[in-house]
Amino acid sequence: MVLTSIGDLARGLTLKTRATDIKNQIETLSYEMATGKVQDVSGRLDGDYSHLLDLDRSLARLDAFQVATSEAGLFTDAMQLSLTTVDHSVSEITASLLSFGTSNQAVTHENASVQAQNELDTVISALNTRAGGRSLFSGTATDVSPLPPAQTLLAALKTELTGAVTVADIRQRAEDWFNDPAGFDAVIYQGSATTLSPMQISESESVRVPVTATDPALKAALRDIAVAAAVADPALGITRDQRTDLFKQLGVDLANTQNETVNLRARVGVAEARIEQAATRNNAARTSLEYSRNKLIAADPYETAAQLQTVQFQLESLYSVTVRNANLSLVNFLR
């Protein structure tokens with residue numbers, strides 16, 4: 001019978017090498033248990049990273065679109081809130097002017113103009129709203145507020161109305177000044193004439209909200225409210241009967257303007273809906289891509305747990321063998 005043995009040094013080296021190998025396996029399996037993906041990605045993919053890289057690029061694009069849709073949603077939501085405030089102010093002053101237009105009392109006219117000035121302040125404040133540091137109604141000049149304080153607008157308007165002797169003349173002068181490119185747009189509006197570029201919300205879809213403070217519906221609301229606020233100034237020389245008649249006509253005009261502001265809100269609402277739909281589609285695409293990516297490099301948790309338990313047992317067994325071998329000394333053998 002032939003006995004083959006190795007020396008103690010060789011045996012110790014063999015056991016140490018085996019222990020190191022098992023520890024490396026434990027480290028690898030522990031990583032896979034913690035992360036849920038294999039450590040040797042190259043081995044799993046046989047060195048072909050093309051599909052994985054394509055998935056990563058798609059996920060990176062969706063990350064960018066997620067930021068874009070969030071910013072677009074914030075912008076349009078803030079714009080919708082501002083237009084709601086404008087619509088509410090127009091509704092309030094419309095009802096008041098129609099009511100005050102039935103009275104020919106000076107104190108009533110004074111109250112109407114004061115309320116009109118308050119509503120004008122509210123409308124201008126709403127149109128000067130910022131979201132994320134950007135002005136909503138300034139076009140591409142998002143770093144500046146589109147409108148100055150109400151007193152600045154009233155002062156410019158009163159200059160245009162000076163000398164008007166009839167209600168028709170007052171309304172016509174106000175309309176001409178607001179529609180003249182050298183009037184309201186040049187003197188009062190501080191934003192850009194260029195509207196914002198479309199906001200990209202997916203790979204093949206963009207949304208555009210070309211609304212500025214120079215939109216005809218907003219200018220009409222500002223014009224009629226400003227006229228109602230300005231006519232109480234005695235310097236204009238407008239008679240009591242003219243004010244009564246003017247308030248009636250302004251109330252009717254603002255009622256029609258309110259329909260236009262509602263249409264503006266509807267346009268912004270359509271943009272909000274498209275942004276939300278794009279965000280939903282992007283999230284669904286992300287879920288699908290992440291599932292495909294996980295299938296490529298995911299580690300089976302049950303198989304990994306079983307392998308980890310096996311190698312842990314192997315390590316414990318190896319330690320037991322090492323301990324036994326350590327006790328095989330010459331002294332113990334001679335006892």
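Specify which of the listed residues (Gly132, Gly139) is open to solvent by less than 70 Å² (accessible area, probe 1.4 Å) and at positive phi.
Working: Gly132 fails: open to solvent by less than 70 Å² (accessible area, probe 1.4 Å).
Answer to the check: Gly139.
If a residue has to be surrounded by 13 or more Cβ atoms within 10 Å (Cβ to Cβ), among the polar types (S, T, N, Q) and modelled with pLDDT of 70 or more to count, how many in the stretch 311-327 make the cut?
Result for the stretch 311-327: 2.
Between Ala112, Ala64, Ala72, which is under 26 Å from the mean Cα position of the chain (by Cα), surrounded by 22 or more Cβ atoms within 10 Å (Cβ to Cβ) and at pLDDT below 95? It would help to see each step written out before you state the result.
On the way: Ala112 fails: under 26 Å from the mean Cα position of the chain (by Cα); Ala64 fails: surrounded by 22 or more Cβ atoms within 10 Å (Cβ to Cβ).
Result: Ala72 is the single residue among Ala112, Ala64, Ala72 that is under 26 Å from the mean Cα position of the chain (by Cα), surrounded by 22 or more Cβ atoms within 10 Å (Cβ to Cβ) and at pLDDT below 95.
What's the number of the only condition in (1) modelled with pLDDT of 90 or more; (2) aliphatic (A, V, I, L, M); (3) farther than 16 Å from Val209 by Cβ that Ala273 fails to meet?
Condition (3) is where Ala273 drops out.
Can you confirm whether the stretch 39-60 contains a residue that is assigned to a helix (DSSP H, G or I), at pLDDT 75 or above, over 36 Å from the mean Cα position of the chain (by Cα) and not aromatic (Phe, Trp, Tyr)? Before the answer, list the steps.
Pass one, the stretch 39-60, residues assigned to a helix (DSSP H, G or I): 41-45, 50-60.
After this cut, where a residue has to be at pLDDT 75 or above as well, the list is 50-60.
Now narrow it down to the ones that are over 36 Å from the mean Cα position of the chain (by Cα): none.
Taking every residue of the stretch 39-60 in turn, none turns out to be assigned to a helix (DSSP H, G or I), at pLDDT 75 or above, over 36 Å from the mean Cα position of the chain (by Cα) and not aromatic (Phe, Trp, Tyr).
Restricting to the stretch 205-225, name every residue that is under 18 Å from Asp87 (Cβ atoms), out of contact with any Phe, Trp or Tyr (no Cβ under 7 Å at 6 or more places or on another chain) and part of a loop (DSSP other than H, G, I, E, B).
Val209, Asp215
Kindly indicate whether any position in the stretch 227-235 is assigned to a loop (DSSP other than H, G, I, E, B), within 17 Å of Asp169 (Cα to Cα), open to solvent by less than 40 Å² (accessible area, probe 1.4 Å) and not polar (S, T, N, Q).
If we filter the stretch 227-235 for residues that are assigned to a loop (DSSP other than H, G, I, E, B), which is where we start, we get 231-233.
The next check asks that each one be within 17 Å of Asp169 (Cα to Cα); those that pass are 231-233.
Still in the list and also open to solvent by less than 40 Å² (accessible area, probe 1.4 Å): 231-232.
Checking the rest, the ones that are also not polar (S, T, N, Q) come to 231-232.
Yes, the conditions are met somewhere in the stretch 227-235.
Among (1) part of a helix (DSSP H, G or I); (2) out of contact with any Ser or Thr (no Cβ under 6 Å at 6 or more places or on another chain); (3) surrounded by fewer than 20 Cβ atoms within 10 Å (Cβ to Cβ), which single condition is Ala255 missing?
So Ala255 meets the others, but not (2).
Condition test on Val86, is it at pLDDT below 90 and either more than 18 Å from Thr257 (Cα to Cα) or crowded, with 22+ Cβ neighbours inside 10 Å (or both)? It would help to see each step written out before you state the result.
On the way: at pLDDT below 90: no; either more than 18 Å from Thr257 (Cα to Cα) or crowded, with 22+ Cβ neighbours inside 10 Å (or both): yes.
In short, no.
Pairs needed: first member in the stretch 258-269, on the phi < 0 side of the Ramachandran plot and without any contact (Cβ under 8 Å) to a residue 60 or more places away in the chain; second member anywhere, part of a helix (DSSP H, G or I) and loosely packed, with under 15 Cβ neighbours inside 10 Å; C-beta distance under 8 Å; at least 6 residues apart or different chains.
Glu260/Pro216
Would you please name the residue that is nearest to the chain's Cα centre (by Cα), looking only at residues in the stretch 143-176 that are without any contact (Cβ under 8 Å) to a residue 12 or more places away in the chain and open to solvent by less than 60 Å² (accessible area, probe 1.4 Å)?
So the residue we want is Ala155.
With respect to Thr35, is the statement that it is open to solvent by less than 50 Å² (accessible area, probe 1.4 Å) and either of a type in the set (Ser, Thr, Tyr) or at pLDDT 70 or above (or both) true?
Numbers: open to solvent by less than 50 Å² (accessible area, probe 1.4 Å): no; either of a type in the set (Ser, Thr, Tyr) or at pLDDT 70 or above (or both): yes.
Considered against the rule, which asks whether it is open to solvent by less than 50 Å² (accessible area, probe 1.4 Å) and either of a type in the set (Ser, Thr, Tyr) or at pLDDT 70 or above (or both), Thr35 comes out as no.
The values are calculated or read from the model by the stated rules, or taken from the named source; none is laboratory data. Bear in mind that the values here come from a model prediction, so they are computed numbers and not experimental data. No Cβ is skipped: glycine too gets one built from the backbone with ideal geometry, and neighbour counts run over all protein chains shown. Side chains included, ligands, DNA and RNA excluded: accessible areas come from the protein's heavy atoms. Shrake-Rupley method; radii C 1.70, N 1.55, O 1.52, S 1.80 Å.
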